[in-house]
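Notes to accompany the following structure.
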Amino acid sequence: MKKRRHNKSFSNIGDVLGKVLNQYRPMTDQSLIRLWDLWEQAVGEGIAANARPAAFKGDILLVHVSSSTWLHHLRYLESEIIDKLNQALGADQVKKIQLKIGPVQGGK
């Protein structure tokens, strides 16, 4: 059996996971991870408390909302939200938002 070489310095788990995800996750998943980090800043605290990005499908962002009231409200704000998200991402990655009532969890 081979002996393991012990590394005497520790690495931050976030740095390790980031490197692994960059190697194995598609760019859309990486963009979704960035969106989680930028979401509240881009859309504001009120919307962020009631809506969260859930998935990307091409250039469509699926957003879970807490209720039908929020779903209806955010439909009117879709183009404004898209503009804010693309500005925060630094690229036109989101072309459309699909809203769905679903789990809205605070944080990642």
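Quick notes
- Local electrostatic count at LYS96 - Lys and Arg +1, Asp and Glu -1, tallied over other residues with Cβ under 10 Å: 0
- Long-range HN-HN contacts of ALA55 with modeled amide H, under 5 Å: LEU62
- Counted charge near GLN41, where neighbours are those whose Cβ lies closer than 12 Å (Asp, Glu -1; Lys, Arg +1): -1
Read-outs throughout are calculated quantities, based only on the coordinates presented, and are distinct from any laboratory measurement. Keep in mind it's a predicted model, so treat the numbers as computed, not measured. Note that we place each Cβ from the backbone using ideal geometry, even for glycine, and neighbour counts take in every protein chain shown.
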